[in-house]
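Below you'll find the structure, written out as structure tokens, and then a few comments.
Every number here is computed from the coordinates shown, using simple stated rules; none is lab data. The structure displayed is predicted, hence computed values, not measured ones. No Cβ is skipped: glycine too gets one built from the backbone with ideal geometry, and neighbour counts run over all protein chains shown.
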Amino acid sequence: MKKSVDIAIIGGGIIGMATACDLSLKGVNVAVIERKYIGSGSTSRCIGGLRHQFSTPAAIRLMKESIRLFSEMEEEFGFSVEFHEGGYLLLAHDPSLLEIFKNNIDIQKSEGINVSLLSPEECRNVVPGLNIDGLLGGAYCPDDAQAFPFAVLKGYREILVQNNGECLMYNPVTDIRKNGHFALSLEDGSTIEAEKVLLSSGPWTRELGKLAGLDLPLYPERHEAMITQRMPKFMEPMLVDYRSDGCYFHQLITGQVIGCYTPVPNVPGIREDVSIEFIPQLAKRMTRLVPDLDKAGVLRHWSGCYTMTPDGNPLVDETEIDGLYVAAGMCGHGFMFGPSIGKNLAHFMTEGEWLMDYSDFAIDRSFASKETLK
Ligand SMILES: Cc1cc2nc3c(=O)[nH]c(=O)nc-3n(C[C@H](O)[C@H](O)[C@H](O)COP(=O)(O)OP(=O)(O)OC[C@H]3O[C@@H](n4cnc5c(N)ncnc54)[C@H](O)[C@@H]3O)c2cc1C
């Protein structure tokens, strides 16, 4: 069977779905091709944090737009995506990190972000029960937020389908050819022809790029997460402890505490397995910060991937192959970046120009500067 669309999107995570949704609203004939089910990659494995607190104007502007788009979703979709502005409180236990926070706060404030540097006692006012031993200060933005990935994907999918877009599921792309237009081979033997193609395949994007002869600087690594049983609401912001044995977690508006830590050394590869040490380690790290959490009961533990780039910024661009685009390498931020990237990329793919400066995310950038708040 052969089918033709204007734009084929490979991967139905937040990036592919947001872009597809915006393209369909522009009247583009678009199909999302998904290896398994919508959200089955990293998106449904993420913990739903949304923050303005980045270190470059490009990422901060992107996030200002994304958080605004998240805040409008309930009205747009007709149901709640559990959007809640509980803030992020980034913690510094090290003087050099405190300096980084100060520099970043200057940049963030110049971009109009409501962020401030708090003393350890002020941090404890924001999170009563916070252990401030060794704490030097915190960067706090009360307008940072959370949302529920499953609801966001459901909303995008409904809009896509209402606008005659399609999601083809359980049918991985196995080959990419270009002869005038693109021909994508799918596992079931069918072919999709498209004028343009987007690789938004999360950790699998490098492998897909190779099918088209590209070598994209994308490096997946495993990240695990855990969720507790519901508890009465006791904390608002996402707490981020940047120590090498730190962690990050927040309480959802539904009462569960959900969190992760970044393993040192990292665990490279496309991996969805879990480790035996993760739950005791995370419990130790979380209760060191908020001792009352020792009463929490663990509900579940899973893993997914961060797709890293050499500078901690995503790749969002047209590749050297005309009509073949990439939006991947979201590191730990793809969920929060998704709505804005979808909107901007849909515009770029149809109009050939960016709505905002995306040069920090270009494929041919130097990769020399680094996002300091990865
Ligand atoms: C534990 C954890 C916590 C996280 N927490 C946060 C957070 O708080 N906030 C935040 O913003 N981000 C967070 N992230 C990161 C975020 O989840 C990712 O950056 C984001 O989901 C990436 O979205 P994506 O659309 O690029 O990729 P994915 O969601 O991985 O989607 C790619 C899709 O492509 C499909 N695919 C792959 N190969 C093929 C093929 N050959 N044919 C067809 N389809 C294919 C996959 O099945 C997949 O569904 C977290 C990640 C993890 C693992």
* Built amide H within the under 5 Å cut-off of Leu89, gap 5+ -> Met238, Leu239, Val240
* Asked: Taking the highest mean first, how do the peptides 16-23, 161-168, 338-345, 183-190 order by number of other beta carbon atoms within 10 angstrom per residue?
  -> 16-23, 338-345, 161-168, 183-190
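Write down the percent of antiparallel bridges among all DSSP beta bridges whose residues are both part of the chain, to the nearest 5.
Counting DSSP beta bridges with both partners in the chain, the antiparallel share is about 70 percent.
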* Structure fact -> Within region 219-243, the residues whose backbone N lies under 13 Å from a label point placed 7 Å from the Cα of Ile279 along the Cα-to-Cβ direction are 225-229
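Going by average Cβ neighbours within 10 Å, how do the peptides 255-267, 316-328 rank, with the highest at the top? Numbers along the way, then the final one.
On the way: 255-267: 17.1, 316-328: 20.5.
Ranking the peptides 255-267, 316-328 by packing returns 316-328, 255-267.
Between Leu355 and Thr287, what FRET efficiency comes out of the Förster formula 1/(1 + (r/R0)^6) with R0 = 41 Å and r the beta carbon distance, rounded to 0.05? Provide the component values of the computation, followed by the final result.
Details: r = 45 Å, r/R0 = 1.09.
Efficiency, from the Cβ-Cβ distance: 0.40.
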* Roughly how tilted is helix 57-77, in degrees to the nearest 10 and between 0 and 90, from the longest Cα axis of the chain? -> 80
* Whole-Hz Karplus ³J(HN,Hα) for region 225-240, in order, using 6.51 cos²θ - 1.76 cosθ + 1.60 and θ = phi - 60°, x for Gly and Pro? -> 9, 9, 10, 9, 5, 5, 9, x, 4, 10, 9, 9, x, 6, 9, 10
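Note down, for region 113-235, the three equivalent ellipsoid semi-axes (square root of 5 times each alpha carbon gyration tensor eigenvalue), biggest first, whole angstrom.
Working: eigenvalues 401, 76, 44 Å².
Semi-axes from the Cα gyration tensor: 45, 19, 15 Å.
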* **Fully extended contour minus Cα-Cα distance, from Leu299 to Lys36, at 0.36 nm per residue** => 92.2 nm
* To do: Name the long-range amide H neighbours of Ile253: under 5 Å, sequence gap of 5 or more, or other chain; modelled H, no Pro or chain starts.
  => none
* Packing-wise, with mean Cβ within 10 Å as the measure, how do 40-47, 55-62 rank, highest first? -> 40-47, 55-62
* Structure fact -> Scalar couplings 3J(HN,Hα) for region 126-140 by Karplus 6.51 cos²θ - 1.76 cosθ + 1.60 (θ = phi - 60°), nearest whole Hz, x for Gly and Pro, are 6, 10, x, x, 5, 7, 9, 4, x, 7, 9, x, x, 9, 10
* Asked: Any idea what angle helix 95-110 forms with the longest principal axis of the chain, computed on alpha-carbon atoms, 0 to 90 degrees, nearest 10?
  -> 60
* Of the trypsin sites (Lys or Arg not before Pro) in region 161-196, those whose Cβ has at most 11 other Cβ within 10 Å and which sit in DSSP loop -> none
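Any idea what the dipole of the chain comes to, in debye rounded to 20, about its Cα centre with Lys/Arg Cβ at +1 and Asp/Glu Cβ at -1?
Working: 34 positive and 49 negative charges, 159 e Å.
Here the chain has a charge dipole of around 760 debye.
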